2 protein chains.
Amino acid sequence: MSIVVVGSVAYDTIETLNGGAAKALGGSASYFSLAARFFAPVSVVAVVGADFKREHRELFVERNIDVRGLEQRDGKTMHWQGRYHEDLNKRDTIDLALNVFSDFKPALLPDQRRSDYLFLGNISPTLQQHVLSQMNSPKVVGADTMNHWIDSERAALTRMIAGLDILTLNDEEARSLSGEHNLVKAGRAILKMGPKIALVKRGEYGVLQFSRDGMFAVPAYPLEEVVDPTGAGDTFAGGVMGYLARHGRLNEGILRSAVVYGTVMASFVVEKFSLERLTTLTWEEVDRRYRAFIELTDCQHPRWTSQ
Amino acid sequence: MSIVVVGSVAYDTIETLNGGAAKALGGSASYFSLAARFFAPVSVVAVVGADFKREHRELFVERNIDVRGLEQRDGKTMHWQGRYHEDLNKRDTIDLALNVFSDFKPALLPDQRRSDYLFLGNISPTLQQHVLSQMNSPKVVGADTMNHWIDSERAALTRMIAGLDILTLNDEEARSLSGEHNLVKAGRAILKMGPKIALVKRGEYGVLQFSRDGMFAVPAYPLEEVVDPTGAGDTFAGGVMGYLARHGRLNEGILRSAVVYGTVMASFVVEKFSLERLTTLTWEEVDRRYRAFIELTDCQHPRWTSQ
């Protein structure tokens, strides 16, 4: 089944102590769709400016990502500039120019409204609600958010998440949204706000999944080198939603596998700057790392227990 | 098979924003043995002062911990005073009085020298080597260390760990010992220094296990409340070594289970101040949490996949 993702398509300028990328393709919807497309057909809904390069549109099209909803307008594409510390868990936003994104008002096409899977990237909860109201009766709706909206639009955010299937957010955001410092309490408090599932992203420390069936804890895939963490969360969400759409149903077992696939997808994107690694990634590589991840985390596999 | 542990038995004064403990029983050998004793017979080798309370010796004896090697001398028992930040991952040492521990020169009893399992708690690498040299031919030797020894006695430490089976250390110590910031590189570099297995402790984020068979990543057991992290690492080591001694052999499967049991034991000790929780803990509770932990981390269990 196909997925609609609504979010940003942007140009990112990324600086780290070991190099960077200038005006590279980025944005939540880009990362999400380049990960999700390994599992299911994806439609992108976003806005770009007149400067958006044909090669970047082609990059989506060549990977069977539906770009009918990638609206091009006069003006410039959103631009984000960030600088990472030596500790790549920390970054500063040097510049954020919303440009054409500042009056983005997503309108879904008729077939998109009938889609079973929807992911609302990190845009204002009011816009997320606006998209939700256009949908017929989606099976699974996921959304991401960030501290900015938790602080500035808490009421709209609370309304938006009340009916969600899946909310993704990082550990600090989970604390801020719930008012609980302890992550177990935070996760449980967030479920009480409505979402059926909360996926708390902890960067290099992995993910805590909260659902009505309990908790699931997965470490991140340990990498020898992390080059650029930009987009890891959106790539994770793309893997999760992609896997769910591919399976067409949602239970605890399928959800856990989806979270592992999301973790695997995220482990690739951080290996190179921007979303470059996702453009060369093959299914064989995904499958190999999925199996390596299972081996990495499994203490009860016959391979180990029969020795 | 039985385990000998050499380390500190101390009195700890612990301060947190939510209370504390004054002159509570502590020290690496205390935490270790109170965890390991659930799995195998344990002999403690340590030194205490004339002020060491009879009730604390009894606490060990009642749990079948062999205290023949718990030497009592004139003078005072080692005392450590620490203050935790609101973020319990951070603490300051307010006071450290080594007292009788300052000229501790452990001498093993003849039957202890023939033991198959030895754990060297966090004491100077020179003392650790001194203990090692008294052993006949142990099957599994584990040791813990800390930044202080990495900085001040690197040469002795490097010699001591060269023949180790298991080295436990935290993430910062792994970075410092190896000179590698990335933990995967750090773990692999440490294996090249000699230990067959390196267990890198990441506090609330779990453990990374490095061995010749590859990596194993386990999250910590997510708790609703962490009261006092003191001794978590020693308790973890007690669970790991205890499980290995109980099984009498060491392969990747047994090692992984041992690391999970270590994680489970550590999850209990932090629930109360000092080592209080270990004194009331029952095997039923350990077993229940072990099963909960497997469920928490397992994405391929029939319970999930058959839904």
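The values are calculated or read from the model by the stated rules, or taken from the named source; none is laboratory data. Note that the structure is a prediction, hence the values are computed from the model and not measured. With ideal geometry, Cβ positions are generated from the backbone for all residues, glycine too; neighbour counts draw on all protein chains shown. What goes into the accessible areas is simple: the full protein's heavy atoms, side chains included, and nothing from ligands, DNA or RNA. Shrake-Rupley method; radii C 1.70, N 1.55, O 1.52, S 1.80 Å.
Inter-chain neighbour count for B:255-261: the average number of beta-carbon atoms from partner chains within 10 Å of each residue's beta-carbon is 3.
Here is the list for segment A:163-212: trypsin sites (Lys or Arg not before Pro) lying in DSSP coil, each with at most 10 other C-beta atoms within 10 angstrom of its C-beta, are A:Arg212. Principal axis extents of the Cα atoms in chain B, from largest to smallest and rounded to whole angstrom, are 64, 41, 36.
How much of the calculated P(r) for segment B:149-227 lies past 22 Å, in percent of all Cα pairs? Mind showing how you got there, number by number?
On the way: 712 of 3081 pairs.
Above the 22 Å cut-off, segment B:149-227 has 23 percent of its Cα pairs.
Can you work out D for segment B:81-203 in µm² s⁻¹ from Stokes-Einstein, where Rh is the Kirkwood radius over C-alpha pairs, the temperature is 20 °C and the viscosity is 1.002 mPa s? Write down the numbers at each step before the final one.
Values: Rh = 15.6 Å.
Stokes-Einstein gives a translational diffusion coefficient of 137 µm²/s.
Averaging Cα coordinates gives a centre for segment B:122-154 and one for segment B:176-251; these two points are 17 Å apart. Computed from the C-alpha gyration tensor, the three semi-axes of the ellipsoid equivalent to segment B:185-239 are 24, 12, 9 Å, from longest to shortest. Dividing the convex hull volume of the alpha-carbon atoms in segment A:75-122 by its residue count gives 106 Å³ per residue. Between B:Ala162, B:Ala36, B:Ala237, the GNM of chain B built on Cα springs shorter than 10 angstrom shows B:Ala162 fluctuating the most. Applying a DSSP loop filter and a limit of 15 other Cβ atoms within 10 Å to the GluC sites (Glu not before Pro) in segment B:140-198 leaves nothing. Rounded to the nearest 10 square angstrom, B:Cys299 shows an accessible area of 10 square angstrom against a 1.4 Å probe.
DSSP loop GluC sites (Glu not before Pro) in segment A:58-112 with at most 16 other Cβ atoms within 10 Å of their Cβ, which ones?
A:Glu86
Between the C-alpha center of segment A:4-53 and that of segment B:80-121 there is a gap of 52 Å. The heavy atoms of A:Lys23 offer some 120 square angstrom of accessible surface to a 1.4 angstrom probe. The Kirkwood radius of segment B:153-195, taken over pairs of alpha-carbon atoms, gives through the Stokes-Einstein law at 37 °C and 0.692 mPa s a diffusion coefficient of 321 µm² s⁻¹.
With Cα atoms as the point set, the radius of gyration and Dmax of segment B:199-307 evaluate to 14.0, 43 Å. GNM remark for chain A: springs join alpha carbons under 10 Å apart, and the peak mean-square fluctuation among A:Val42, A:Val141, A:Val61 falls on A:Val61.
Just the C-alpha atoms of segment B:1-112: what Rg/Rh do they give, with Rh taken as the Kirkwood radius?
Values: Rg = 14.6 Å, Rh = 14.7 Å.
Answer for segment B:1-112: 1.00.
Across the identical copies, the label point of B:Ala22 (7 Å from Cα in the Cβ direction) is separated from its matches by 6.5 nm, in order from shortest.
Here the chain A residue lying nearest the rotation axis onto B, judged by its C-beta and given with the distance in whole angstrom, is A:Tyr205, 2. Over all orientations, segment B:23-83 has a Cα convex hull whose mean projected area works out to 4.2 square nanometres. For B:Lys196, the lysines whose Cα falls under 18 Å of its own Cα, not counting residues fewer than eight places away in the same chain, are B:Lys139, B:Lys185. Annotation for A:Arg154, label-to-label distances across the other copies: 5.0 nm (shortest first, one decimal, point 7 Å from Cα along Cα→Cβ). Label points for A:Val61 are taken 7 Å from Cα along Cα→Cβ. From this copy to the others they lie 8.6 nm apart, shortest first.
Could you tell me the total accessible area buried at the B-A interface, probe 1.4 Å, in square angstrom to the nearest hundred? Write out the running numbers ahead of the final one.
Working: alone 13800 and 13810 Å², together 24230 Å².
Its buried surface, counting both partners, is about 3400 Å².
Calculate log10 I(q)/I(0) of the protein assembly as shown for q = 0.07, 0.08, 0.11 Å⁻¹, where I(q) comes from the Debye formula with a single equal point scatterer on each Cα and nothing for solvent. The computed values of log10 I(q)/I(0) come out as -0.48, -0.61, -1.02.
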